[in-house]
RNA sequence: GCGUCGGUGGUAGAGUGGUCAAUUACAACAGACUGUAAAUCUGUCGCCUUAGGGCUCCGAAGGUUCGAAUCCUUCCCGACGCA
């Protein structure tokens, strides 16, 4: 059984034990989805309400790529997520702070979040240069053998050190050491409404022993993140979410959920790189343990089928780069599945991307036109596709939310997924 | 009419006796993408194929050579120069 090395001290941070820990953020559950962990609610932040379940638009560098805030707003997005690592490197968190914080700086008046840089420990570290990402298709059984293949010499831009991570900037090669404290300091400078603890997102190819070691580290970092946050958060405007890890192992996942929920976080992130088939079980294990009254964010997930799965298993917030990345790369969501708009058949297809879609792109342009923009490498191509994709996903989550309120979730889910695949 | 240079796969453009079905780029075609090293990346790209190979090919036709996109001859076409 995993025993947290600092277990006695953690009591001090238990909810209630630390005195009047009044946060500006408030979470209210409006309705539960019977027989499941799912719920619909409202998350109040200093910059407005988020109706959950909600999809968070990813704006890593304080911009939703190719869209201005008015366009983002028009897709129905309520909250935007920036990134600690990227904004620290460029333009620098102090610039963002001096610019009035991430929201003001980027002219986004609504709620904001920042990720801690924990994902970059993974994407620039163990996953660097490999065919591993947030969702990994494990087809090669050798990747599943319970031995950590020693690739410590493999090139990577992030290396885990004693009490933090050294990053080699992908921009100029300079070395930066990020500790949990540093991540929180940066995030306080960035000034989002909701920030995340610094964690280590592990690769599913790591063996159990390593997962255990990494999990201990993530838990230590969680506590240090929380301590630093409480030190800096005198105005109590900023909410901190702790992150549950634990890979694909049930015991570790549950342990992590217990340890992280014992700390006085305002909400929780569920992190990790998954094999797709492991995701729903991992989410359920965790959300059965996390306190019901606090919001849960499934980090980096966002395909339609994943959203249904997440909601059903108690997730309140999702973020994902897919709508904008796929959009920029020419893949567009429709109710009958994704289409690659550059395919020959769309060159003379003058119908909208989706007939009954209310997004700006569908109301004004044809598939042929969008295809033309992509073939011509026009900037507007990525913009129009991103608008539609964001609208599609945000709207899907809104409809899922409404279906909970209407006691119609399962019918809606079956209906949608039947047409989608 | 004479002279010079040149004609290579959808396009541009390498290659100047064998390792060339022919570098490369673009176009085309298909695919991938899940807390953004991403307006990125991968594969295919003469024809046929039981994927081992087989066939045709570098303006055209002949020729030299064991072997030609590469050398020679003639012709056709283009650009420029001189008439």
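Values quoted throughout were computed directly from the atomic coordinates according to the rules given, and no laboratory measurement underlies them. Note that this is a predicted model, so its numbers are computed, not measured. We place every Cβ from the backbone using ideal geometry, glycine too, and count neighbours over all the protein chains shown.
How much FRET efficiency would the formula 1/(1 + (r/R0)^6) give for residue A:288 and residue A:230, where r is the Cβ-Cβ distance and R0 is 35 Å, rounded to 0.05? In this case the efficiency is close to 0.80.
Taking A:400, A:260, A:132 in turn, the Gaussian network model of chain A (Cα-Cα springs below 10 Å) assigns the largest fluctuation to A:132.
Over segment A:37-90, the fraction of Cα-Cα pairs per 5 Å bin, rounded to whole percents and listed from the shortest bin up, is 5, 17, 23, 21, 18, 11, 4, 1. Compute the helix-to-body angle for A:409-420: its Cα long axis versus the longest principal axis of chain A, expressed 0 to 90° and rounded to tens. Around 60 degrees separate the two axes.
Each helix, a run of at least 4 DSSP H residues, gives -39500 (n - 2.57); summed and divided by the residues of chain A, these come to -11500 deg cm²/dmol at 222 nm.
Helix A:250-261 versus the longest principal axis of chain A: what angle, 0 to 90°, nearest 10, using Cα atoms? The angle comes out near 80 degrees. Springs join every pair of Cα atoms under 10 Å in this Gaussian network model of chain A, and among A:265, A:374, A:122 the largest mean-square fluctuation is at A:374.
Taking the Cα-to-Cβ direction at residue A:30 and at residue A:277 and moving 7 Å from each Cα, how far apart do the two end points lie in nm? In this crude spin-label approximation the distance works out to 3.7 nm.
GNM remark for chain A: springs join alpha carbons under 10 Å apart, and the peak mean-square fluctuation among A:341, A:270, A:393 falls on A:341.
For chain A, the share of DSSP beta bridges that are antiparallel, to the nearest 5, is 45%. Among A:365, A:177, the ranking by other beta carbons within 10 Å of each residue's beta carbon, starting with the fewest, stands as A:177, A:365. Residues A:253, A:367 in ascending order of nearby Cβ atoms (within 10 Å, fewest first): A:367, A:253.
Estimated from the Cβ-Cβ distance and a Förster radius of 56 angstrom, the FRET efficiency linking residue A:68 and residue A:162 is about 0.85.
Label positions at residue A:345 and residue A:399, each projected 7 Å from the Cα along the C-beta direction, are separated by 2.1 nm.
Using a/c under 1.5 as the rounded threshold, could you call segment A:215-353 rounded, prolate or oblate? The axes a ≥ b ≥ c are square roots of the C-alpha gyration tensor eigenvalues, and prolate needs a/b larger than b/c, oblate otherwise. It comes out prolate by the Cα gyration axes.
Rg over Rh for segment A:324-408 works out to 1.03, both radii taken from alpha-carbon positions and Rh defined as the Kirkwood radius.
Computed from the C-alpha gyration tensor, the three semi-axes of the ellipsoid equivalent to chain A are 33, 24, 23 Å, from longest to shortest.
Restricting the calculation to Cα atoms, every distinct pair contributes to the Kirkwood radius of segment A:264-316, found to be 11.2 Å.
Does segment A:164-262 come out rounded, prolate or oblate by the C-alpha gyration tensor, with a ≥ b ≥ c the root eigenvalues, rounded set by a/c under 1.5 and, if not, prolate when a/b is larger than b/c and oblate if not? Oblate. Shown for A:183, A:262, A:239: other C-beta atoms within 10 Å of each C-beta, ranked fewest to most, produce the order A:262, A:239, A:183.
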